[in-house]
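Just below is one structure, and these are the notes that go with it.
What follows draws every value from the coordinates through simple rules; no lab data is involved. These numbers were taken from a predicted model, which means no experiment stands behind them. Counting neighbours? That spans all protein chains shown, and the Cβs are built from the backbone with ideal geometry, glycine included.
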Amino acid sequence: MLRTALFLSLAGAMTLMTTPVDAREKKAPAPQSQQMPAPKMLTLERIFASPDLAGAQPRALKLSPDGKLVTLLRNRKDDRDRFDLWAIDTTTGKERMLVDSLKVGSGAELSEAEKMQRERARIGGTRGIVSYDWSPDGKRILVPLDGDLFLAGLDGAVVRLTNSKDGALNPAVSPKGRYLSFVRGGNLVVLDIATRAEKPLTSGASETVSWGVAEFVAQEEMDRQQGYWWSPDDARIAVARVDEGNVAIVNRAAIGAEGTKIYPQRYPLAGTPNAVVDLYVMDPAGEHRAKVDLGADADIYLARVDWSKDGKTLYVQRESRDQKRLDLLAVDPATGASKVILTETSKTWLNLHNNFRALPDGSLLWWSERTGHGHLYRVQGDKWTALTSGNWQVRDVIGVDVKHDMVWFTANRETPIEQNIYGASLSGKGEVKLLTEAGWWNGGVMDGASSRIIVSRSSPDQPVQLYLADRDGKRLRWLSENRIDANHPYAPYLARHAETRFGSIKAADGSDLYYKLLTPRLEQGRRYQVFMIHYGGPGAGRQVTKSWGGVMAHYLVQRGWIVFAIDNRGTPDRGKAFEDQIYRAMGGVEVEDQLAGATWLKAQPFVDPARIATYGWSYGGYMTLKLLEKAPGVFAAGISGAPVTKWELYDTHYTERYLGDPNAKKSAYPASNALAEVGKISDPLLLIHGMADDNVVLEHSTAFMTAMQEAARPFELMLYPGQTHRFTGDGVNVHEWRTIERFLEKYGVAPAAP
């Protein structure tokens, strides 16, 4: 999935009237503290140094099987990119480190496969422990580290389970706790915990064939990181077999400071063959293998795999190549025989989800956008009972309790720019209950019994906080208050923290477009430069939310910039009608809406209309190019990072979802690409790309460079050897932003030094 990007375009019929957002709601409380340190100005060097200015940044939150501990991965104060395993007592709040990654790890270099998996999971560049898995008895934790597996006890003892140069991918503890499983050398291996005996369950792995690993597009675009699934009773495993023999090869040149490595990466370009994915069910001994009937058409996507509670039924979500049909299959695990029990269709595309649950009575919990908004349903045969409804979106189910007739989930009922946790009846009776506080962006994790919630929340003024709540949302205990007091890393900079203001303007079709605005202290009669940040793409990357957005915007404000962002039509979480407007028309309404934002800015008395810079990464980088092509002279300068320039070079699942088949007679690709109109670009442009990018490969930028050179259009360029789609390294990040600053200073767009 494309990441952080921006793009703008002039809206023909937009209003300049500003609508304040949610004036009724309670403002998030500002952190308070006594004897705060002397105020300081943010610097790039400090932003990218340790400790993280946001304080503790926990990941992978879980409740132990007995509910006595909350476990999490926490970054170190002296190395913000290295994570260790911690536990918090839910009764006392006492914290302790369970596994120190520096003491336990070998420091061995990760395999290329694991590096790429981390890129897919958006954790490239992280070190130490990045995942873990509780044993069902709550006595031990499986910890992958530096390519090998360790078993950690609650007393601090750690036992090494594997020692192999080939590494262990995708490790898991079986549901009953008898086995560990992992992928080594492309084959699935099962380890008996009692005997420590290993047994490969599959064979025949090669450069193009693998078992138990999700293929590229599943990891990158489908939010499916798994390639095998245990039944609840440990009796069977469903295992994907992936054959990439017909997938296109992109020779990815990982150009580094000390040489170049060429990786022949299997990358399914839009309109070319995908990997062939088959699904098998076998027992832990690797015997009694049954191939699942996925239908006559092999050109499909294996979207999701789940087991019933009793292990007697395997549920498979099968998605058509054009992503307009999604079938739910019920599979007999003994024979592999399947039947379709539910089908969803769309005239544009279907959004995948992780909200399926097979309930004990045979009914199904399902999420659907059949009404135009994503909501929950209980499905029994042909009967659909709506559990939620309205002009808002359910995001993720976090807990289900059939006994008490309840389901818990995240959604944006109150306003699109917030996310809250709600509870609703599984019977569809009663009202949906709001369980979290307005003014925040909330996420949640529940224990197996759905008795308690780990709430993770942040706001524009408060980095991530964690607390333990009961099923009604009542806070029981802070787990990580992370309050910005005198000892917090951000304390010296809090006094200069800028207020984030929210509002909305109208799109040409009457839709509300939400924006955020951060300004320096405005002086009467003075007009300020604007740094406009955008993403603009579908599926991810919203810029305007009431969440902690990091401190880069505040650095820019302290330098004298106004910082502005607006979420255009096509972005997610606003319903299908809002999102579908980019179907077969990328580079259309997104540009219009971003330009509408620029037009609104230019009308403000505190904005210098001649000095608005626009910045975006990935899809946002694409947007920068389209904006400069669409509206020369609107922006004083543009920065385009890792842009898609030719959609035929991007992957199948993402690109075909929105643009269709590039081989179709009426292809939408030429108009959506960013190459045909480069001759219209007349504003200063800075192009940035990592030379080892495996997501938006460097060829996108080289194609753009060629087109610009052939059109005799000037531009500036900065390439980063060894960097992928996500830049890592404190010095590299500082260099990137220094380069941006120098570029804007060169063209007279940057503010004067404070």
Span from the the stretch 680-754 Cα centroid across to the the stretch 317-368 one, whole angstrom: 43 Å
Local electrostatic count, GLY105, Cβ distance below 9 Å [Lys/Arg +1, Asp/Glu -1]: -1
Amide proton proximity set for ILE562, modelled H, under 5 Å, gap of 5+: GLN529, VAL530, PHE531
Stokes-Einstein diffusion coefficient of the stretch 338-414, Kirkwood radius over Cα pairs, 10 °C, 1.306 mPa s, in µm²/s: 120 µm²/s
Dipole in debye (nearest 20) - the chain, about Cα centre, beta carbon charges: Lys, Arg +1; Asp, Glu -1: 1500 debye
Order of VAL394, VAL250 - criterion: other Cβ atoms within 10 Å of each residue's Cβ, fewest first: VAL250, VAL394
Positive-end extreme of charge dipole, the stretch 488-746 - chosen from PRO684, GLY537, PHE502 (charges on Cβ): PHE502
Nearest-ten-degree value, helix 699-710 long axis tilted from longest Cα axis of the chain: 30 degrees
Correct option for semi-axes √(5λ) of the Cα gyration tensor in Å [calculated from the coordinates] among (i) 74, 33, 21; (ii) 40, 31, 28; (iii) 51, 36, 28: (ii)
Sorted by Cβ neighbour density within 10 Å, fewest at the top, the residues LYS576, LYS309, LYS94: LYS94, LYS309, LYS576
³J(HN,Hα) computed for each position of the stretch 370-377 - Karplus, 6.51 cos²θ - 1.76 cosθ + 1.60, integer Hz, glycine/proline x: 4, 8, x, 10, x, 9, 9, 9
Nonlocal Lys pairs with alpha-carbon distance under 13 Å, the stretch 488-746 (8 or more apart, or different chains): 4
Local electrostatic count, ARG526, Cβ distance below 13 Å [Lys/Arg +1, Asp/Glu -1]: +1
Point-charge dipole on Cβ atoms (K/R +1, D/E -1) for the stretch 671-735, about Cα centre, debye to 20: 80 debye
Reach of LYS68 by Cα under 24 Å, taken over lysines that are not fewer than 8 positions away in the same chain: LYS94, LYS139, LYS176, LYS403, LYS474
Listed peptides 661-669, 539-547 by packing density, highest first (mean Cβ within 10 Å): 539-547, 661-669
Highest-first arrangement of 739-745, 441-447, where packing means the average Cβ count within 10 Å: 441-447, 739-745
Debye intensity ratio I(q)/I(0), log10, the stretch 195-291, q values 0.23 Å⁻¹ (C-alpha model): -1.20
For ASP192, net neighbour charge (Lys/Arg +1, Asp/Glu -1) across residues whose Cβ lies under 9 Å away: +2
Unit charges at the beta carbon, dipole of the chain: most positive-side option, VAL305, LEU556, GLN317: LEU556
Estimated [θ] at 222 nm from DSSP helical runs (n ≥ 4, -39500 (n - 2.57)) normalised by residues in the chain, nearest 500: -3500 deg cm²/dmol
Cα gyration tensor shape for the stretch 662-734, rounded if a/c is under 1.5, else prolate or oblate: oblate
Rounded to whole Hz, the Karplus (6.51, -1.76, 1.60) HN-Hα couplings of the stretch 567-582, x for glycine and proline: 9, 8, 4, x, 6, x, 6, 10, x, 5, 4, 6, 6, 5, 5, 8
Under 22 Å from the Cα of LYS115 - lysines, other chains or at least 8 residues apart: LYS103, LYS165, LYS261
In Hz, Karplus ³J(HN,Hα) per residue of the stretch 179-187 (6.51, -1.76, 1.60; θ = phi - 60°; x = Gly, Pro): 10, 10, 9, 6, 10, 9, x, x, 10
Nearest-20 debye value, the stretch 213-369 charge dipole, Cβ charges on Lys, Arg, Asp, Glu: 180 debye
Under-5 Å amide H pairs with PHE83, H placed in peptide plane, nonlocal only: ARG127, GLY128, ILE129
For ARG252, distant residues with modelled amide H under 5 Å away: TYR263, GLN265
Normalised convex hull volume, the stretch 488-746, alpha-carbon set, Å³ per residue: 138 Å³
